[in-house]
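Undergrad: I am attaching a structure below and will ask some questions about it afterwards.
Computed from the coordinates by the stated procedures, all read-outs in this text should not be read as laboratory data. Computed from a prediction, not measured in an experiment: that's the story for all the values here. Don't worry about glycine lacking a Cβ; one is built from the backbone with ideal geometry, like all the others, and counts go over all protein chains shown.
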Amino acid sequence: MRLVQLSRHSLAFPSPEGALREPNGLLALGGDLSPSRLLMAYQRGIFPWFSPGDPILWWSPDPRAVLWPAQFHISRSMKRFHARSPYRVTLNHAFGQVIEGCAADRFEGTWITPEVITAYHRLHELGYAHSIEVWDKDELVGGMYGVAQGTLFCGESMFSRAVNASKTALLVFCERFTRSGGQLMDCQVLNEHTASLGAVEISRHEYLAQLATLRMQKLPHNFWVPGTLFTPQR
């Protein structure tokens, strides 16, 4: 296993199974964040993550953190909160604001540089990257974004500026995603927060097998059309 230098003149990636064990999942460096390269990466179970000033680093960790949407864990307190939620939840209404909100998060956003924002905004304009927004009246208080791969959704980042805002984004999205035939959410690497929501680890081999199947399946043609997913009870 060795770290591979990508060429700007080729979209080819090495096999994810050749990623380093330490640091876990590091596969390649270099290349660019063009839409075609990003899409090639996601189709192969690879994602970019790097610190400002560093070269672009590409990862495919083993194990892989995933969330089966039907197994999303809702605490009793969250159920009570959601039943009286003041929030409105929308889909693909404010992608730019959501990714910038994630970038401003001091824990989540250290890698979301202006270059990354521009790259994922291009994917959004092409219909591959999507956002879920949580509003308190007309103020954006939370949200999440990611990249669609058929009936698999690759979650990238989320942010919250108000109580339970990011959990509301995930809860409402999971409910609609499951109802519409969505099968799996990629969480990349397990942490305490995602584990508390029901995320689990599977082997990279299993994740790649799921990806190969699910990315060929289709959600309803209008699933990603901008719209309102949830409105507060009056």
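Undergrad: Suppose a student asked you for the relative contact order of region 142-205, using Cα pairs under 8 Å spaced at least 6 residues apart; what percent would you report?
TA: Once divided by the residue count of region 142-205, the mean separation gives 30 percent.
Undergrad: At a threshold of 8 angstrom on Cα-Cα distance, excluding pairs fewer than six apart, so keeping six or more, what relative contact order does the chain reach in percent?
TA: Reported relative contact order: 25 percent.
Undergrad: Here's a follow-up. Could you list the square roots of 5 times each eigenvalue of the Cα gyration tensor of region 125-234, that is, the equivalent ellipsoid semi-axes, sorted largest first and rounded to whole Å?
TA: 24, 18, 12
Undergrad: Also: From the Cα gyration tensor of region 101-150, with a ≥ b ≥ c the square roots of its eigenvalues, which class applies: rounded if a/c is under 1.5, or else prolate if a/b is larger than b/c, or else oblate?
TA: oblate
Undergrad: Taking amide H positions as placed in the peptide plane 1.01 Å from N, state which residues far from GLN217 in sequence (5 or more) or on other chains have amide H under 5 Å from it.
TA: Distant-sequence amide H within range of GLN217: THR151.
Undergrad: Would you mind putting 70-80, 142-152, 190-200 in packing order, based on average other-beta-carbon counts within 10 Å, highest first?
TA: Taking the mean over residues of other Cβ atoms within 10 Å, the ranking is 142-152, 190-200, 70-80.
Undergrad: Based on the Cα atoms of the chain, what semi-axes does the equivalent ellipsoid have, where each is the square root of 5 times one gyration tensor eigenvalue, given in whole Å with the largest first?
TA: 29, 19, 17
Undergrad: Something else now. Rg and Dmax in Å for region 14-140, alpha carbons only: what are they?
TA: Just the Cα atoms of region 14-140 yield Rg and Dmax of 17.1, 49 Å.
Undergrad: Another question, then. Working from Cα positions, state the angle (0 to 90°, nearest 10) between the long axis of helix 165-179 and the longest principal axis of the chain.
TA: For 165-179 against the chain, the angle is about 80 degrees.
Undergrad: Moving on. Take the chain, connect every pair of alpha-carbon atoms lying under 10 Å apart with a spring to form a Gaussian network, then pick out the residue of MET40, MET185, MET158 with the largest mean-square fluctuation.
TA: MET40
Undergrad: Related question: Need the C-alpha centroid separation for region 152-185 versus region 212-234, integer Å.
TA: Going from one Cα centre to the other spans 11 Å.
Undergrad: Apply the a/c threshold of 1.5 to the C-alpha gyration tensor of region 153-206 and tell me whether it is rounded, prolate or oblate.
TA: oblate
Undergrad: If you don't mind, another one. Which residue, ARG84, ARG176, ARG161, tops the fluctuation ranking in a GNM of the chain built on C-alpha contacts under 10 Å?
TA: ARG84
Undergrad: Would you mind calculating the relative contact order of region 104-155 from Cα pairs under 8 angstrom and at least 6 residues apart, reporting the percent as a whole number?
TA: 22
Undergrad: Treating the angle as unsigned and between 0 and 90°, give the value, to the nearest 10°, between the Cα long axis of helix 204-214 and the longest Cα principal axis of the chain.
TA: With both axes taken from Cα atoms, the answer is about 60 degrees.
Undergrad: Another question, then. Please sort 164-170, 56-62 by packing, taking for each peptide the average over its residues of neighbouring beta carbons within 10 angstrom, highest first. Let's see the in-between values first.
TA: Values: 164-170: 24.3, 56-62: 22.1.
So the peptides 164-170, 56-62, ranked by packing, come out 164-170, 56-62.
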